[in-house]
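Engineer: Sharing a structure, written as structure tokens. Questions coming.
The values are calculated or read from the model by the stated rules, or taken from the named source; none is laboratory data. The model shown is predicted, which means the values in this text are computed figures rather than measured ones. Glycine gets a Cβ as well: all are built from the backbone with ideal geometry, and neighbour counts include every protein chain shown. Surface areas here come from the heavy atoms of the whole protein model, side chains and all, with no ligands, DNA or RNA. Shrake-Rupley method; radii C 1.70, N 1.55, O 1.52, S 1.80 Å.
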Amino acid sequence: MPEKLIFELSHKGRKGYTLPKMDVASGSAKHSIPDKYIRSTPVELPEVSENEVVRHFVRLSTMNYHIDKGFYPLGSCTMKYNPKVNEITSAMSGNADIHPLEPQEAVRGALELMFNLSEMLQEIAGMSAVSLQPAAGAQGELTGIMLIRKYHESKGKVRSKILVPDSAHGTNPASVAISGYKAVSIKSNPSGTVDLDDLKQHLDDEVAGMMLTNPNTLGIFETDIVKISKMVHDVGGLMYMDGANLNAIVGLVRPGDMGFDVVHINLHKTFSTPHGGGGPGSGPVAVNDKLKDFLPVPVIEKQGDKFVLSFNKTNSIGKIHSFFGNFGMLVRAYTYILSHGPDGLRNNSINAVINANYLLSKLRNNFVLPYKARPMHEFVLSADMQKDRGVKTLDIAKRILDYGYHAPTIYFPLIVHEALMIEPTETETKETLDAFAESLLKIDEETKLSPDTVRSAPSTTPIGRLDDAYAARNVNVCFPERGPSDKE
Ligand SMILES: *Cc1c(COP(=O)(O)O)cnc(C)c1O
């Protein structure tokens, strides 16, 4: 039976609480809140008992899919298990009950934690300074491109374009465009890495920089990276690393050593903070000396044995997030780094790569592998063979739900037809990988024997196949207050 909305469970007068009688006159809030903020009609709230609320949300939670329920091979997103010790430390009163407006003297411990985390991320990235403020990888990108812009401004000319490979994540060209640059697409070669000849043709003194993901979104390491960095630096551009795939290389190779000037680090990917329906993200940026002075304020500094916030930075790009970023995420990432230590972090990356290659070895005979280079922590298959049997990647992804897994990333990167992008992460056992591979092979078999089963999937989820485009095409039905869509 489908779960009702909580408003449909509502009964007039039913309550889940008892409160003591008010000891102030009703309506006295009017004295302290400006009239324009006082509501004139009562707020519409569901009226339900406590156990109705609890049961409603518990039922919903069992329909949801999450990393604590099962395998989540969502490529590029690094959906690793989030250790529960992270929750314990972030819930400690000294971390959870502090307020961003408290005076610095009252929260020196929190400042010290942020300072130490910055130093650790600096070391991991091979950079010389960090801002913990960005709330996501995408906001880290925007921050990074703003830093690059400020750098060129300080040299007298902002330049006009940023180079972005055609395999890049969509947020890369978006960050470039929002920063006032033109995104220029650079081709990938048949091995799936940057085409150096195409890159050469686009290099001139209008290039402000290049954004690159390494390993790239095919999971392939850009082995020419030092050469690429040098080519871009030779025309005066800077190198931005999209660090979404850092989980493949922590403790093995550092962005700074590859020639990058700035990198964002998705704490909710590589450093095990909740991801997807699980809370806010965090995308710190690490930079080298060229960009250090332009970092957002405040910057955390160590003065003697004290940790202080410094707002006085004349060249800063300014603020990019309220207060200091998502502090609870910083505590979780700090816990993760400390509990693994350098060797543990390196082992995680090695095991992430081994797991991906193991899984690929089980699947590569039944799916097309368009780029043959040995991948790192993830790989991208194509369902071209299955498409010839009338079954699309979307159908396969939906069928995977029936086998009890989250679907992989699909139709990305754009340079792969019918793409299925799979990233197992290091936290999965061999048994989990074997069972998942077996399920995909069974689905492949189904595309031959009973393609309709795959085309009509999912059949075991609370709700079957949704019409993905309906909401976009029928804005006025979904949001009647917006009026007819021809006004849009
Ligand atoms: C996840 C991801 C991003 C964006 O990061 P968010 O934290 O989701 O904003 C950028 N690039 C790549 C390759 C990614 O996988």
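Engineer: Can you name the residue in region 71-86 that is within 19 Å of the chain's Cα centre (by Cα) and away from the ligand (no atom under 16 Å from the Cβ) and is also most open to solvent (accessible area, probe 1.4 Å) among such residues?
Structural biologist: Here is the first cut: in region 71-86, the ones within 19 Å of the chain's Cα centre (by Cα) are 71-83, 86.
Checking which are away from the ligand (no atom under 16 Å from the Cβ) leaves us with 71, 81, 83, 86.
Values: PHE71: 10, TYR81: 92, PRO83: 29, ASN86: 1 Å².
Restricting to residues being within 19 Å of the chain's Cα centre (by Cα) and away from the ligand (no atom under 16 Å from the Cβ), the top hit is TYR81.
Engineer: State whether the residues of region 109-124 include one that is modelled with pLDDT of 95 or more, within 16 Å of the ligand (Cβ to nearest atom) and either over 24 Å from the mean Cα position of the chain (by Cα) or open to solvent by less than 50 Å² (accessible area, probe 1.4 Å) (or both).
Structural biologist: yes
Engineer: Now for a different question. Mind listing whichever residues of region 212-252 are open to solvent by less than 30 Å² (accessible area, probe 1.4 Å), away from the ligand (no atom under 14 Å from the Cβ) and not in a loop (DSSP other than H, G, I, E, B)?
Structural biologist: ILE225, ILE228, SER229, VAL232, LEU238, MET239
Engineer: While we're looking at this one, here's another question. Exactly one condition in (1) assigned to a loop (DSSP other than H, G, I, E, B); (2) of a type in the set (Val, Ile, Thr); (3) more than 23 Å from THR171 (Cα to Cα); (4) out of contact with any helix residue (DSSP H, G or I) (no Cβ under 9 Å at 6 or more places or on another chain) is not met by THR432; state its number.
Structural biologist: Every condition holds for THR432 apart from (1).
Engineer: In the set LEU330, LEU363, LEU359, LEU381, which member is farther than 23 Å from LEU74 by Cβ, of a type in the set (A, V, I, L, M) and surrounded by 16 or more Cβ atoms within 10 Å (Cβ to Cβ)?
Structural biologist: Values: LEU363 fails: farther than 23 Å from LEU74 by Cβ; LEU359 fails: farther than 23 Å from LEU74 by Cβ; LEU381 fails: farther than 23 Å from LEU74 by Cβ.
So the residue among LEU330, LEU363, LEU359, LEU381 that is farther than 23 Å from LEU74 by Cβ, of a type in the set (A, V, I, L, M) and surrounded by 16 or more Cβ atoms within 10 Å (Cβ to Cβ) is LEU330.
Engineer: Taking the conditions exactly as written (within 16 Å of the ligand (Cβ to nearest atom), in contact with a Lys or Arg (Cβ under 9 Å, 6 or more places away or on another chain), open to solvent by 10 Å² or more (accessible area, probe 1.4 Å) and modelled with pLDDT of 95 or more), does PRO173 satisfy them or not?
Structural biologist: Values: within 16 Å of the ligand (Cβ to nearest atom): yes; in contact with a Lys or Arg (Cβ under 9 Å, 6 or more places away or on another chain): no; open to solvent by 10 Å² or more (accessible area, probe 1.4 Å): yes; modelled with pLDDT of 95 or more: yes.
So PRO173 fails the test.
Engineer: A further question follows. Could you list, in sequence order, all residues of region 15-50 that are open to solvent by less than 80 Å² (accessible area, probe 1.4 Å), touching a residue at least 24 places away in the same chain (Cβ under 8 Å) and not hydrophobic (A, V, I, L, M, F, W, C)?
Structural biologist: GLY16, PRO46, GLU47, SER49
Engineer: Looking at region 136-170 only, could you name the residues that are within 14 Å of the ligand (Cβ to nearest atom), among the aliphatic types (A, V, I, L, M) and surrounded by 21 or more Cβ atoms within 10 Å (Cβ to Cβ)?
Structural biologist: ALA138, LEU142, ILE145, VAL164, ALA168
Engineer: Only residues that are in a loop (DSSP other than H, G, I, E, B) and open to solvent by 20 Å² or more (accessible area, probe 1.4 Å): list them for region 275-296, please.
Structural biologist: We begin by selecting, within region 275-296, every residue in a loop (DSSP other than H, G, I, E, B); these are 275-284, 288-291, 295-296.
Result: HIS275, GLY276, GLY277, GLY278, GLY279, PRO280, ASN288, ASP289, LYS290.
Engineer: Please find, within region 314-336, the residue that is nearest to GLU112 (Cα to Cα) out of those that are in contact with a helix residue (DSSP H, G or I) (Cβ under 7 Å, 6 or more places away or on another chain) and in a loop (DSSP other than H, G, I, E, B).
Structural biologist: Here the residue is PHE324.
Engineer: Could you identify the single residue in LEU101, LEU60 that is of a type in the set (A, V, I, L, M, F, W, C) and either at pLDDT below 90 or farther than 23 Å from TYR405 by Cβ (or both)?
Structural biologist: Numbers: LEU60 fails: either at pLDDT below 90 or farther than 23 Å from TYR405 by Cβ (or both).
Being of a type in the set (A, V, I, L, M, F, W, C) and either at pLDDT below 90 or farther than 23 Å from TYR405 by Cβ (or both) holds for just one of LEU101, LEU60, which is LEU101.
Engineer: Within region 176-211, track down each residue that is part of a strand (DSSP E or B) and within 13 Å of the ligand (Cβ to nearest atom). If you could, list the steps in order and put the result at the bottom.
Structural biologist: As a first pass, look at region 176-211 and keep what is part of a strand (DSSP E or B): 182-186, 188, 194, 207-211.
The answer is MET211, and nothing else.
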